[in-house]
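Notes for the one structure printed next.
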Amino acid sequence: MEEPTIQLAYALDTFYFLMSGALVMWMAAGFAMLEAGLVRAKNTAEILTKNVALFAIACIMYMLIGYGIMYPAGGNGVVPEISWTFMFMNASADNAVDAVLASDGDVYYAGLSDFFFQVVFVATAMSIVSGAVAERMKLWAFLLFAIVMTGFIYPVQGYWKWGGGFLDGLNFQDFAGSGVVHLAGASAALAGVILLGARKGKYGKDGSINAIPGANLPLATLGTFILWLGWFGFNGGSQLVVSNISDANAVAGIFVNTNMAAAGGLVFALITARLLFGKADLTMALNGALAGLVAITAEPLTPTPLAATLIGGVGGVIVVFAIVTLDKLRIDDPVGAISVHGVVGMWGLLAVPITNADAGFGAQLIGLITIFAWVFITSFIVWLLIKLIMGIRVSEEEEYEGVDVGECGLEAYPEFMGARGST
């Protein structure tokens, strides 16, 4: 390639990477709005605090140690040889011009843009946890777990696949993170929920399941649309390159398949809910769209638009049954995060070989089990240690009054909270 061509391609791919990362960063707002809409009014300020704080913690921890674990100087495929150099990198030392030109196109974007793109994925995984433990977890216990999750637990399994570790060597396929991001987040959430227990009044002694409606479904719907939009950066940006015809066509296909999977998931979930409950359940429709997006994330490139719609549609059906089943198991997840990101994340991984001839079910199953086992076991240990040291659950009085007052000292809707306990 000639020098001007290399420089233009480098600039374009770096810009595309950064803009894709910005779209994924905007998903943090989507998670915040979705979760704020699906919890009760008395717990809104606390869930918003968790979402904005976890994003900041993820950025700092991934800079300090997480990025060096996930993309190390070396390693044996299981244990990385941690690199500590990234936090001291500046723009002038990032892929100097001579190095870029000498690579003849092999170095095709700025290293700092890669960090930015990866760090927003870390925050996404942690955002999954916040909704599942909503309305009864101590804020500072959650933030302490976020430090370990984003600095250590997530990067290790990220290294195993995306950092050139043993899962990558086994040809485990996970294009944009149905497993590395979504299943990982859900596995950490499940460990926390098991130790935390259900919200008061959710399950009756007679085995009954009591619905606890969210306070703001318009906000939850807005959050879903924001996530849907951000997912184009999530999946599309994972192509990494857009500066040539082949990769530009691939990005277009990824955008279309991502969109179609979301549409399929929503419609199939809505129909399933109608058949099961006799009503068009909005929350199931919203989770169906997200399930479709999670399902296609493992492989958004090889399916046709019709296949992507069906893969997302199956995810939409699965998520309805998963939410119902977890309730029967008395696993209380206020926003359905474990079902959307965990159960459907597994489906997404296992669906890869249906359209990708280079993938095998054996490798996909190994990757699935490895990610779940690592994140669940390590998270359970960390949650348990936090529980023993400082506790993870608020008092019954704080839960009744609302964690907004107990944890944050303010209310999200002060004009409407006259009868806090019943809201």
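Data for the structure
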| quantity | calculated |
| --- | --- |
| Residue match in the stretch 296-306 (condition: among the hydrophobic types (A, V, I, L, M, F, W, C) and assigned to a loop (DSSP other than H, G, I, E, B)) | yes |
| Selection from the stretch 288-321 of residues that are open to solvent by 10 Å² or more (accessible area, probe 1.4 Å) and more than 14 Å from ASN257 (Cα to Cα) | VAL314, VAL317, ILE318, PHE321 |
| 1 or more residues crowded, with 16+ Cβ neighbours inside 10 Å and touching a strand residue (DSSP E or B) at 6+ places or on another chain (Cβ under 9 Å): qualifying helices (runs of 4 or more DSSP H) within the stretch 339-423 | 361-389, 396-401 |
| Segments classed as helices (runs of 4 or more DSSP H), wholly inside the stretch 148-216, with at least 1 members that are in contact with a helix residue (DSSP H, G or I) (Cβ under 7 Å, 6 or more places away or on another chain) and of a type in the set (Gly, Ala, Ser) | 154-162, 184-196 |
| Meets criteria (assigned to a helix (DSSP H, G or I), open to solvent by 10 Å² or more (accessible area, probe 1.4 Å), among the aliphatic types (A, V, I, L, M) and touching a residue at least 12 places away in the same chain (Cβ under 8 Å)) for ILE226 | yes |
| The stretch 31-50, residues that are touching a helix residue (DSSP H, G or I) at 6+ places or on another chain (Cβ under 9 Å), of a type outside the set (A, V, I, L, M, F, W, C) and closer than 15 Å to GLY214 by Cβ | GLU35, GLY37, LYS42, ASN43, THR44, GLU46 |
| Breaking point among (1) farther than 14 Å from TRP383 by Cα; (2) open to solvent by 10 Å² or more (accessible area, probe 1.4 Å); (3) touching a residue at least 24 places away in the same chain (Cβ under 8 Å), for ASP168 | (3) |
| Boolean, THR297 is within 15 Å of the chain's Cα centre (by Cα) and closer than 25 Å to ASN249 by Cα | yes |
| Per-region count, the stretch 323-335, residues free of Cβ contacts under 8 Å to residues at least 60 places away in the same chain and either open to solvent by less than 10 Å² (accessible area, probe 1.4 Å) or assigned to a helix (DSSP H, G or I) (or both) | 4 |
| Some residue of the stretch 219-231 being at pLDDT below 95 and under 22 Å from GLN118 (Cα atoms) | no |
| Positions within the stretch 236-264 being farther than 26 Å from ALA11 by Cα and open to solvent by less than 40 Å² (accessible area, probe 1.4 Å), in sequence order | ASN257, ALA261, ALA262, ALA263, GLY264 |
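The values are calculated or read from the model by the stated rules, or taken from the named source; none is laboratory data. On a predicted model such as this, the values are computed, not experimentally measured, just so you know. Every residue, glycine as well, gets a Cβ built from its backbone with ideal geometry; the counts of neighbours run over all protein chains shown. Keep in mind that these areas ignore ligands, DNA and RNA; they rest on the heavy atoms of the full protein, side chains included. Shrake-Rupley method; radii C 1.70, N 1.55, O 1.52, S 1.80 Å.
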